[in-house]
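> First the structure, then my questions, so here it is.
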Amino acid sequence: MSTETVTPPTGRADRRGARQDFVHRNFGVLSISAVLAVLFVFFSVQTDAFLTTNNLVNVARQVAPTVVVAVAMTFVITTGNIDLSVGSILGLSAAALAIVAESGSAVVALVLALVLGLGIGLVNGALTAFGKLQSFIVTLAALTAVRGLALLITDGYSTPITSDFLLPIGNGRLAGLYTPTWIAVVVVAAGWYVFNHTRFGRYVVAVGSNAESLRRAGVDVRRIQLAVLTLTGLVAGLAGVITAARLASGSSNSGTLFELEVITAVVLGGTALMGGKGSIIGSAIGAVTLGVISNGLVLLRVDVYWVPITQGLILIVAILLNARLFSGISGQRT
Amino acid sequence: MTSGTRDLSTPRVEMRGIRKRFGALEVLRGVDLTVGRGEVVGLVGDNGAGKSTLMKMLAGAVVPDSGEIRVDGTALTGSGPRAARAAGIEMVYQDLALCNDVDVAGNLFLGREIYRPLSRRLDHKRMHEEAAKDLATLHIRISDTRQLVATMSGGQRQAIAIARAVTFEPKVLVLDEPTAALAAREVEMTLQLIRDVSTRGVSVVLITHRLQDLFEVADRFVVLYEGVNHRQMTPSETDLGGLVTAMMGK
C-alpha cells in the first residue's frame, strides 16, 4: 500500500493513494450506477415503451416513497442499526390519512399521519438508545404491532381519498414531474447535505464506526440513535401520505414488504450493514434501480412473479461484488 | 481559585496512599506516585502489579477505596472521567480511540468539529488545514489528512490517537502500551512523539512492556510490585537487567 509515512506529499504513490481512496469511498455508488446504466440500456433496446417520457416520469413517481425512506434508512444503517417497521408505518399512515380526511379536516389528517410516523419512530429510538435493546428486535416488534393497528382501525378495508388538498401530493405536476418526485429530490438533497456536511452526519458515521470513540469524545451516542430512528419513522409516515395520495386511497395493506425493498436499495447503494459507511446518493440510485427493474420487466411482459426473483438475484450479485472487489481495492486494515 | 498560590514545586500529579480492593484481591496497597511538569515517568511492573488500575484512577474511570489524587494541587479523587479530563488528564487507549471510517482530520476534530454557525455546515477546509498544522507541529508525517484511518498503518494510527489527545492541550498524557504491535520504525516515531510532547511541558506517564523504550524517553522509572511502590530510579542509575530485577520484586 502507498501510505508510508516517509512518502513525500507530491509522490506518485501518494496520488495513487488518493485515487484508491476515491474508489474506496465511492465504490458502492460507482457499481450501482453501472448496474443501473446497463439495465437502462437493456430495457431501452428490448422494449419500445421504456424510453418514453411518459414511462420515465411514471417510474420517477413510483420510486419516490422508496427513495425517500431509503435516505432516512441510510442514516439508521450507517449507525449500525436497522428499522424494520417502515413498511407498517407506511400502511398505518396511509390508512389514518384516508380515514381522518374522510370524516374531518384534510390538514389534520396530514399532520396526524406524519405525527404517527414520528411518534412510532420516537418509541423505536427510545427503546433502542435508552432501553439498550437491539433495534432489530424493537422494530421487528413494531413491524407486527403497527401493521395490526393499521388493520384494526381500517377493519381491513381501504378508504377512498377525495380531498383536493391531499390528492395533489400524489398527482400534482410541476415542470413535467409529479409532486412525489419533487419531494424525493428535496429529501435526497437535504439528506446528502446533512450526511456529508454537518456534525450530525459525521456522528452518524462515527457511531457505526466506533461508538466508544465517539462517546469518549464527549458526544451522547444515545441521542444520535434516537434521532436516526425517529427520522425513519417520520419519513415512513411521509411515504404513507405520498402513497395514499397517489392511489387516492388509504389501505392498511400498503407497504407490505416495503421495509425489505428499502433495505435492499440501501445495501445496493453501498452502505455497510455493519455500519460506519453509507451513501445517500447510492441509496437513491439503488431505489431507482429496483424501480427500473420492476418497470422494465413488466414492459417486457415477463410474468410479474419474476420481479422479486430478479431483484433478489441482483442484490446477491451486488453484495458479492462489494464484498469481493471492495476488500481487494481498499486494502483496508483492521 | 486564586492564581499564584501554586508554585512550581507543586507536582503536576500527586497520588498518595492509593488503595483498591477487587473482591478478595487487594490490587493496590497504598501506592504513591508524583509526576512533575514535562516529566516522562515510566510506570513498570509485572502483570497484576496494579499499573493499569492506578492509571484508570488518574483518568477517573476507577475510584480508589482510599487515598488522594491531586492535579496541580487540586483534589480530584473519585470525581469521574469528565472531571479528570477537565483537569487536563488525557488517556490514550490503543485501538479504542479512532473511527476507522472517518478521515484523519475528522478523527482529530471528533466531538469538537468546526462549523459555520448559520448553515451548520462543517468547515472541512479549515479542519483539514488545522489538522495538517497540528500534525506538523508534532512532526507526524501524514501527507493527506483526507485519508481514511482504516487505510493507515498501526504506527500512523497510534500517532493520530496521540495527536488527538495532545490537541486537547492536556497537562498529563497517559499512554498504556502505545508501542505494542508496532513495527520498529513506528516505535521510534512514537517515542519521538512522546519526547516532543514532553518538551511542550506535558507530563507523560508511560506504561509499556518494551522496557528498552523506557530507557529512550523516560526521566524516571517507578516500579510497582504486588500493589506497592517497590523501587524508584533514573535511567542513569540502572540498566535493562536492573529494571527487570526490580520488576520481579528483588
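> Look at B:Leu224 and say whether it is open to solvent by less than 20 Å² (accessible area, probe 1.4 Å), under 19 Å from B:Gly45 (Cα atoms) and not hydroxyl-bearing (Ser, Thr, Tyr).
yes
> (1) part of a helix (DSSP H, G or I); (2) open to solvent by less than 10 Å² (accessible area, probe 1.4 Å): which one isn't true of A:Ala284, the others all being true?
(2)
> Going by the conditions given, is A:Gly278 more than 15 Å from A:Val35 (Cβ to Cβ), among the small types (Gly, Ala, Ser), modelled with pLDDT of 85 or more and crowded, with 24+ Cβ neighbours inside 10 Å?
yes
> Here is a further query. Under 7 Å between Cβ atoms, which residue pairs at least 6 apart in sequence (or on different chains) link something in the range B:223-240 that is not assigned by TED's automatic domain parsing to the domain that holds B:Leu25 with a partner that is part of a strand (DSSP E or B) and among the basic types (Lys, Arg)?
Once the first residue is not assigned by TED's automatic domain parsing to the domain that holds B:Leu25 and sits in the range B:223-240, no partner that is part of a strand (DSSP E or B) and among the basic types (Lys, Arg) comes close enough.
> If the requirement is being in contact with a strand residue (DSSP E or B) (Cβ under 7 Å, 6 or more places away or on another chain) and more than 18 Å from B:Val104 (Cβ to Cβ), which of these qualifies: B:Gly201, B:Gly249, B:Gly241?
After ruling out the rest, the residue left standing is B:Gly249.
> OK, next. What pairs can you find where one residue is in the range A:302-321 and within 20 Å of A:Ile285 (Cα to Cα) and open to solvent by less than 50 Å² (accessible area, probe 1.4 Å), the other is at pLDDT below 85 and assigned to a helix (DSSP H, G or I), and their Cβ atoms are less than 8 Å apart, with a gap of 6+ or different chains?
A:Ala318/A:Ser31
> Out of all the residues in the range B:198-209, is one or more more than 27 Å from B:Val27 (Cα to Cα), free of Cβ contacts under 8 Å to residues at least 60 places away in the same chain and open to solvent by 20 Å² or more (accessible area, probe 1.4 Å)?
no
> If B:Gly106 satisfies all but one of (1) farther than 20 Å from B:Val172 by Cα; (2) open to solvent by 30 Å² or more (accessible area, probe 1.4 Å); (3) in contact with a Lys or Arg (Cβ under 9 Å, 6 or more places away or on another chain), what's the number of the condition it fails?
For B:Gly106, the exception is condition (2).
> Condition test on B:Leu193, is it at pLDDT 90 or above and hydrophobic (A, V, I, L, M, F, W, C)?
no
> Okay, next question. When you look at A:Phe195, is it over 21 Å from A:Ser85 (Cβ atoms) and surrounded by fewer than 18 Cβ atoms within 10 Å (Cβ to Cβ), yes or no?
Here the answer is no, as A:Phe195 does not meet what is asked.
> Under the condition of being touching a helix residue (DSSP H, G or I) at 6+ places or on another chain (Cβ under 6 Å) and more than 7 Å from every other protein chain (Cβ to nearest Cβ), which residue from the range B:109-134 is most open to solvent (accessible area, probe 1.4 Å)?
B:Asp134
> Does at least one position in the range B:80-97 carry a residue that is open to solvent by 20 Å² or more (accessible area, probe 1.4 Å), of a type in the set (Asp, Glu) and farther than 22 Å from B:Val197 by Cβ?
Within the range B:80-97, not a single residue is open to solvent by 20 Å² or more (accessible area, probe 1.4 Å), of a type in the set (Asp, Glu) and farther than 22 Å from B:Val197 by Cβ.
> Ok, one more. Which numbered condition trips up A:Ser249, out of (1) under 18 Å from the mean Cα position of the chain (by Cα); (2) of a type in the set (Gly, Ala, Ser); (3) open to solvent by 20 Å² or more (accessible area, probe 1.4 Å)?
Only one criterion in (1) under 18 Å from the mean Cα position of the chain (by Cα); (2) of a type in the set (Gly, Ala, Ser); (3) open to solvent by 20 Å² or more (accessible area, probe 1.4 Å) is unmet by A:Ser249, namely (1).
> Still on this structure, I have one more. With the requirement that a residue be touching a Ser or Thr at 6+ places or on another chain (Cβ under 8 Å) and at pLDDT below 90, what does the range B:2-53 give you?
Listed by number, the list holds a single entry, B:Pro11.
> Can you name the helices (runs of 4 or more DSSP H) wholly within the range A:1-112 that have at least 1 residues being within 14 Å of chain B (Cβ to nearest Cβ) and modelled with pLDDT of 90 or more?
A:64-78
> Quick one: what pairs do we get from the range B:141-158, first residue facing chain A (nearest Cβ under 7 Å) and farther than 16 Å from B:Ile194 by Cβ, second outside any loop (DSSP other than H, G, I, E, B) and at pLDDT below 85, C-beta under 6 Å, 6+ apart or different chains?
Hits for this filter: B:Ser143/A:Asp14.
> Could you list, ordered by first residue, the pairs with Cβ atoms under 7 Å in which the first is in the range B:110-127 and within 25 Å of A:Arg216 (Cβ to Cβ) and the second is open to solvent by 50 Å² or more (accessible area, probe 1.4 Å) and part of a loop (DSSP other than H, G, I, E, B), at least 6 apart or interchain?
Going by the 7 Å Cβ cut-off, the qualifying pairs are B:Gly111/A:Gly218; B:Tyr115/B:Arg121; B:Asp123/B:Arg116.
> Take the conditions of a type outside the set (Val, Ile, Thr), at pLDDT 95 or above, open to solvent by 70 Å² or more (accessible area, probe 1.4 Å) and under 30 Å from A:Met274 (Cβ atoms) and apply them to A:Leu127. Does it pass?
On the way: of a type outside the set (Val, Ile, Thr): yes; at pLDDT 95 or above: yes; open to solvent by 70 Å² or more (accessible area, probe 1.4 Å): yes; under 30 Å from A:Met274 (Cβ atoms): yes.
So A:Leu127 passes the test.
> Oh, and also: Could you tell me which residue of the range B:62-101 is nearest to B:Ala159 (Cα to Cα), considering only residues that are hydroxyl-bearing (Ser, Thr, Tyr) and modelled with pLDDT under 90? Break it down stepwise before answering.
Keep residues of the range B:62-101 that are hydroxyl-bearing (Ser, Thr, Tyr), which gives B:66, B:74, B:77, B:79, B:93.
Pick out the ones that are also modelled with pLDDT under 90 and you get B:74, B:77, B:79, B:93.
Details: B:Thr74: 30, B:Thr77: 30, B:Ser79: 29, B:Tyr93: 12 Å.
Ranking the candidates gives B:Tyr93 first.
> Give the residue, chosen from A:Val262, A:Val205, that is more than 14 Å from chain B (Cβ to nearest Cβ) and either more than 22 Å from A:Pro65 (Cβ to Cβ) or open to solvent by less than 20 Å² (accessible area, probe 1.4 Å) (or both).
A:Val262
> Separate question: Of the residues that sit in the range A:210-231 and are open to solvent by less than 30 Å² (accessible area, probe 1.4 Å) and in a helix (DSSP H, G or I), which one is farthest from the other protein chains (Cβ to nearest Cβ)? Walk me through it before giving the result.
Let us first name the residues in the range A:210-231 that are open to solvent by less than 30 Å² (accessible area, probe 1.4 Å), namely A:210, A:213-214, A:217, A:219, A:221, A:224, A:228-230.
With in a helix (DSSP H, G or I) added as a condition, the list becomes A:210, A:213-214, A:221, A:224, A:228-230.
Details: A:Asn210: 5, A:Ser213: 5, A:Leu214: 7, A:Val221: 11, A:Ile224: 12, A:Val228: 16, A:Leu229: 20, A:Thr230: 18 Å.
Among those residues, the one meeting the criterion is A:Leu229.
The values are calculated or read from the model by the stated rules, or taken from the named source; none is laboratory data. None of these values were measured; they are calculated from a predicted model. As a convention, Cβ positions derive from the backbone with ideal geometry for all residues, glycine included, and neighbour counts pool all protein chains shown. Protein only, heavy atoms only, side chains kept; ligands, DNA and RNA dropped before computing areas. Shrake-Rupley method; radii C 1.70, N 1.55, O 1.52, S 1.80 Å.
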